[in-house]
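The values are calculated or read from the model by the stated rules, or taken from the named source; none is laboratory data. These numbers were taken from a predicted model, which means no experiment stands behind them. Counting neighbours? That spans all protein chains shown, and the Cβs are built from the backbone with ideal geometry, glycine included. Remember, those area values only see protein heavy atoms, side chains included, never the ligands or the DNA or RNA. Shrake-Rupley method; radii C 1.70, N 1.55, O 1.52, S 1.80 Å.
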Number of protein chains: 2
Amino acid sequence: MVSSALTIDELAQFCKRKGFIFRSSDIYGGFSGFWDYGPLGVELFQNVKRDFWKWFVARDDMAGIEASVISHPTTWQASGHVASFSDVAVVCTKCKQATKLDKSEVGKVNCSACGGKYEVQGEFSLMFKTNVGALKPTEAYLRGETAQAMFMDFKLVQETARKQLPFGIAQVGRCFRNEIAPRDFIFRCREFTIGEFEFFIHPDEKTCALLDAGHKKVKVRLLDAETQVKGKETLKETTIGAMVKEGRLDEWHAYWLAEQLLWFDSLGLAEKIKIREHMKTELSHYSSATFDLDFEYPFGSNEVGGNANRGQYDLGQHVQFSKQKLEVFDEKTKQKVVPRVIEPTFGMDRIVMALLCNAYEHDVKRDNVILHLPAYLAPAQVAVFPLTGKGKEEKIARALVKELRAEGWGVVYDESGSIGKRYARQDESGTPLCITIDPESEKTDNVTIRDRDSTKQVVVELGGVVEVVRKVIRGEKLVTLGKNVETRVK
Amino acid sequence: MVSSALTIDELAQFCKRKGFIFRSSDIYGGFSGFWDYGPLGVELFQNVKRDFWKWFVARDDMAGIEASVISHPTTWQASGHVASFSDVAVVCTKCKQATKLDKSEVGKVNCSACGGKYEVQGEFSLMFKTNVGALKPTEAYLRGETAQAMFMDFKLVQETARKQLPFGIAQVGRCFRNEIAPRDFIFRCREFTIGEFEFFIHPDEKTCALLDAGHKKVKVRLLDAETQVKGKETLKETTIGAMVKEGRLDEWHAYWLAEQLLWFDSLGLAEKIKIREHMKTELSHYSSATFDLDFEYPFGSNEVGGNANRGQYDLGQHVQFSKQKLEVFDEKTKQKVVPRVIEPTFGMDRIVMALLCNAYEHDVKRDNVILHLPAYLAPAQVAVFPLTGKGKEEKIARALVKELRAEGWGVVYDESGSIGKRYARQDESGTPLCITIDPESEKTDNVTIRDRDSTKQVVVELGGVVEVVRKVIRGEKLVTLGKNVETRVK
């Protein structure tokens, strides 16, 4: 359904035109690396965040938190961010474009735009600094990731939420990185939202009872470490189960990687996800295995999520710096242990961008963009149109809007322009269902519901609309839920 | 229902013990002015934010946004924050306690703790500064309020969301203020969440068609300007309608103040809200009227929200600094105008704190804290207990948990300890409904549901549980929804 020709610029223009995403401070010429979600964008974004929560946090073995962006400065010394979370700024000697390199790339790569040689400008920390307090200011940092709060609050959460191993702590929140060269629309920003969790496991427990046949069967398009070492980009079609057998990751790591892929599948994104296994040379010294989850964006395949086996490293660091005991009593083994950690991460803005790329279709026949977003994620689930916008029609429409909003759904009321124009607007907004109240409605107490993707229409009794909408949001096809009509409302 | 003796320390201890709110970076001794929401707190907080959105944003005349925390630095020059958003730090010469004063208070007040004289330490900006960009860093600010994004994005939102005057732009988001003396638990923090909106109106339009009899009847406990000038603290019992008649505020301003009070009423907080009218001497030069909405916290009555008539000031400032036209064509009058603005604001963390204060009861008879939160706001709506936690009971319980979670509700599964202990835990968490699966359930396919506040129990068929829960969340009494039983499950 994606237009093959979609470019990042076309997407950005569309997002601005429809009110999904604006440049921050647009009236001042923007501010590089910062973006605002507009009226449609904020609704989509909220739905994605809520779905993350529903999928990963609403479980017996998980607990959520919402921590402060600014925390005690020792946080970032313990985590290693102060010492080593930095990039190297380079400028191409030929085309003069500035960009960033990972420290490992310096001297090994040439300008990606023109092939020229890079000149190193210096190494820059990605952490934003600020001063806290007036009389005796303390230098502090804006968080570059949400994970550290989960480590710092680990004991408090475990005790207050009465969790036993294994369990996880999740968070969705704003993060800040002073990127040298923000680029690719909302892909590489200086302010962005991460959804991630740390899953705490007994250090000796390698088997995972939750890893069932369904997880093992999950398909993976894998770029493995061996292939990358050879300098190749060939993908292997494999499964989570096969990856475990090959010893690429332990069962708990496999379970969470499978769950991440299953979530992407539910979002309709799985087909464009590939898993890139980190090479031994890339791995942090504390990690036994790390995977990137890359999505095929119009500008190329790049990271939308990750999954790292972090072992006991982070808790160990905080134990060392805080002198607190971050261990937990395990009921099964009767041991006090510092758990090991699996860390699944998602770039929430990158998911929004992937959803938009995936949903975007410029329909030549309809001469319009159709945004094929899943119904439950769309900015609005329903639009209600009184055909004339007058008298009884308006009254019925407004009552219906109220009834639908009470269910917590996004509902648009639109009485302006021809029905065709109103459909076109909602197609571009991604609204799956448009309900029209016409003169027939007054007589027969029924309304027409039109499906965004197929443009097919069904007639439904007014009293049954809520149930029909609920079913469509849960995945049923509209055409099976009412009396099909040709095109009663054009 | 509130314990008369509730102190802020008792509340803070309770919040830490139950996992509502922790000090940020607790393992490093905390970081003054920063807090983390724990597992229960984050669910309550999310429900409050969602309810704000449902009440104020899910309307035809509103649009939401989610803007970046960091924006173009000119933002804060135009807004006046760089020049004048500061407090004066003082230290008491007698008890040595440091605190902050508004500039207007300097030389006029003595130490609130001991009555000693204050010594001025200097004037400090409340704006957190940071540097953006690596090669040529720009000094920028963390936002001190969310409002400026609504002014900067005003035209983009108006055009893309196709809004006509009057309409509003809303946002909920993190803000940062470098407070000199953070205090009173999460009341005065350095990082906090504001929910607010700017409502744009034709500058000549003073009448408001939405202000109906219901709004006019809304009761107000008013501390008016005249009384304050006289140095008195006497409250007047009045109404929104009477305040309009007295010329204290125009109709649009009155409409939104009434809506704010109606929301507080729905949250169960209205009885402890008073409205403080700003005195002429306090008013900013651009504001014709401003009201604080104060809540009676255990440490005294203080601001939980506000409502300012900001006129055309902010848009005018951004027009001046950006040289952009921030005007809109008004269909009714066929005029291009810079709208005037009404700004209702809420401190979202302060609402959480007000809800907790209001809900907290230390029940001596039950020897337990009962948190009487409204069902739809509680961290979890339901807890499910298999009496023994084994065999069929567990199976039924887990299936029920799954069914209830699919509805989007917060659901706790608990099989540990006596039923009495499980009830007590959920009473402290504020969970309104506890469902027990016992040996009877297996035979008769029915379960016991127990009400948090009354401890009364009803028996309901398993298949009808979802509907009963839905009705209780919507405000119906549990005892009317099933067969009352004495205490089947103790």
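Counting only helices (runs of 4 or more DSSP H) wholly contained in the range B:383-465, the ones carrying 2 or more residues that are closer than 27 Å to B:D363 by Cβ and more than 12 Å from every other protein chain (Cβ to nearest Cβ) occupy B:419-429.
Set side by side, the residues B:Q46, B:Q13 differ, and just one is out of contact with any Phe, Trp or Tyr (no Cβ under 9 Å at 6 or more places or on another chain) and among the polar types (S, T, N, Q), which is B:Q13. At least 2 residues being crowded, with 21+ Cβ neighbours inside 10 Å is the threshold, and among the strands (runs of 3 or more DSSP E) wholly inside the range B:180-258 those reaching it are B:191-201, B:219-223. Would you confirm, using the coordinates I've provided, whether A:Q46 is at pLDDT below 95 and either closer than 30 Å to B:A397 by Cβ or open to solvent by 30 Å² or more (accessible area, probe 1.4 Å) (or both)? In short, no. Give the range A:25-56 a look and list any residue that's free of Cβ contacts under 8 Å to residues at least 40 places away in the same chain and polar (S, T, N, Q), or say none. Once the filter is applied, which keeps residues that are free of Cβ contacts under 8 Å to residues at least 40 places away in the same chain and polar (S, T, N, Q), the range A:25-56 yields A:S25, A:Q46. The single condition from (1) open to solvent by 20 Å² or more (accessible area, probe 1.4 Å); (2) over 29 Å from A:D51 (Cβ atoms); (3) of a type in the set (S, T, Y) that A:Y413 fails is (2).
Of the residues A:E331, A:E327, which single one is of a type in the set (D, E) and within 11 Å of chain B (Cβ to nearest Cβ)? Steps first, answer last, please.
On the way: A:E327 fails: within 11 Å of chain B (Cβ to nearest Cβ).
None of the others qualify; the one that does is A:E331.
Please indicate, with yes or no, whether at least one residue in the range A:229-250 is under 30 Å from A:K336 (Cα atoms) and either of a type in the set (S, T, N, Q) or touching a Leu at 6+ places or on another chain (Cβ under 6 Å) (or both). Let's see the steps before the verdict.
Of the residues in the range A:229-250, the ones under 30 Å from A:K336 (Cα atoms) are A:244, A:247-250.
Going one step further and asking which of them are either of a type in the set (S, T, N, Q) or touching a Leu at 6+ places or on another chain (Cβ under 6 Å) (or both), we end up with none.
Within the range A:229-250, not a single residue is under 30 Å from A:K336 (Cα atoms) and either of a type in the set (S, T, N, Q) or touching a Leu at 6+ places or on another chain (Cβ under 6 Å) (or both).
Do you know which residues across the range A:260-282 are charged (D, E, K, R), closer than 13 Å to A:F295 by Cα and part of a strand (DSSP E or B)? Reasoning before the result, please.
Of all residues in the range A:260-282, those charged (D, E, K, R) come to A:265, A:271-272, A:274, A:276-277, A:280, A:282.
Still in the list and also closer than 13 Å to A:F295 by Cα: A:265, A:271-272, A:274, A:276.
Passing the criteria: A:K274, A:R276.
Residues are listed down the side, and each one gets a yes or a no for (1) assigned by TED's automatic domain parsing to the domain that holds A:P339; (2) surrounded by 21 or more Cβ atoms within 10 Å (Cβ to Cβ); (3) under 28 Å from the mean Cα position of the chain (by Cα):
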position: A:T93; (1), (2), (3): no, no, no
position: A:T99; (1), (2), (3): no, no, yes
position: A:K103; (1), (2), (3): no, no, yes
position: A:S112; (1), (2), (3): no, no, yes
position: A:V132; (1), (2), (3): yes, yes, no
position: A:A147; (1), (2), (3): yes, yes, yes
position: A:M150; (1), (2), (3): yes, yes, yes
position: A:T160; (1), (2), (3): yes, yes, no
position: A:G168; (1), (2), (3): yes, yes, yes
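From B:F128, B:F124, B:F151, grab the single residue that is within 13 Å of chain A (Cβ to nearest Cβ) and out of contact with any strand residue (DSSP E or B) (no Cβ under 6 Å at 6 or more places or on another chain). Write out each step before concluding.
Values: B:F128 fails: out of contact with any strand residue (DSSP E or B) (no Cβ under 6 Å at 6 or more places or on another chain); B:F124 fails: out of contact with any strand residue (DSSP E or B) (no Cβ under 6 Å at 6 or more places or on another chain).
Every option except B:F151 fails the conditions.
May I ask you to verify whether B:W256 is aromatic (F, W, Y), modelled with pLDDT of 95 or more and touching an Asp or Glu at 6+ places or on another chain (Cβ under 8 Å)? Please lay out each step first, then the result.
On the way: aromatic (F, W, Y): yes; modelled with pLDDT of 95 or more: yes; touching an Asp or Glu at 6+ places or on another chain (Cβ under 8 Å): no.
No; evaluated as a whole, the condition is false for this residue.
Being more than 9 Å from chain B (Cβ to nearest Cβ) and of a type in the set (S, T, Y) is the requirement here; does A:T160 meet it?
Numbers: more than 9 Å from chain B (Cβ to nearest Cβ): no; of a type in the set (S, T, Y): yes.
It is false that A:T160 is more than 9 Å from chain B (Cβ to nearest Cβ) and of a type in the set (S, T, Y).
Scanning the range A:3-24 for residues that are open to solvent by less than 70 Å² (accessible area, probe 1.4 Å), in a helix (DSSP H, G or I) and farther than 13 Å from A:F187 by Cβ turns up A:E10, A:F14, A:K18.
Out of B:V352, B:V319, B:V304, one residue alone is within 14 Å of another protein chain (Cβ to nearest Cβ) and under 20 Å from the mean Cα position of the chain (by Cα). It is B:V352.
In the range B:260-278, what residues are closer than 16 Å to B:A375 by Cα and open to solvent by 20 Å² or more (accessible area, probe 1.4 Å)? Write out each step before concluding.
From the range B:260-278, those closer than 16 Å to B:A375 by Cα are B:263-269; that's our starting set.
Within the range B:260-278, B:D265, B:S266, B:G268 meet the criteria.
Taking the stated definitions as given, is A:C175 open to solvent by less than 30 Å² (accessible area, probe 1.4 Å) and in a strand (DSSP E or B)?
Details: open to solvent by less than 30 Å² (accessible area, probe 1.4 Å): yes; in a strand (DSSP E or B): yes.
Answer is yes for this residue.
Quickly run through the range B:57-85 and pick out the residues that are within 11 Å of chain A (Cβ to nearest Cβ) and within 19 Å of B:F124 (Cβ to Cβ). Residues satisfying the conditions are B:P73, B:W76, B:Q77.
Where residues in the range A:25-56 are of a type in the set (A, V, I, L, M, F, W, C) and outside any helix (DSSP H, G or I), which of them is farthest from the other protein chains (Cβ to nearest Cβ)? Break it down stepwise before answering.
Quick first cut of the range A:25-56, residues of a type in the set (A, V, I, L, M, F, W, C) only: A:27, A:31, A:34-35, A:40, A:42, A:44-45, A:48, A:52-53, A:55-56.
Now restrict to residues that are outside any helix (DSSP H, G or I): A:31, A:34-35.
On the way: A:F31: 4, A:F34: 4, A:W35: 6 Å.
Filtering first and then ranking leaves A:W35.
Within the range A:301-319, being in contact (Cβ under 8 Å) with a residue 40 or more places away in the chain, polar (S, T, N, Q) and farther than 17 Å from A:E196 by Cα holds for A:N302, A:Q312, A:Q317. Listed conditions (1) out of contact with any helix residue (DSSP H, G or I) (no Cβ under 9 Å at 6 or more places or on another chain); (2) surrounded by fewer than 22 Cβ atoms within 10 Å (Cβ to Cβ); (3) within 28 Å of A:F295 (Cα to Cα) are all met by A:Q426, apart from (2).
Residues that are more than 26 Å from the chain's Cα centre (by Cα) and assigned to a helix (DSSP H, G or I) within the range B:67-83 comprise B:T74, B:Q77, B:A78, B:V82, B:A83, listed in sequence order.
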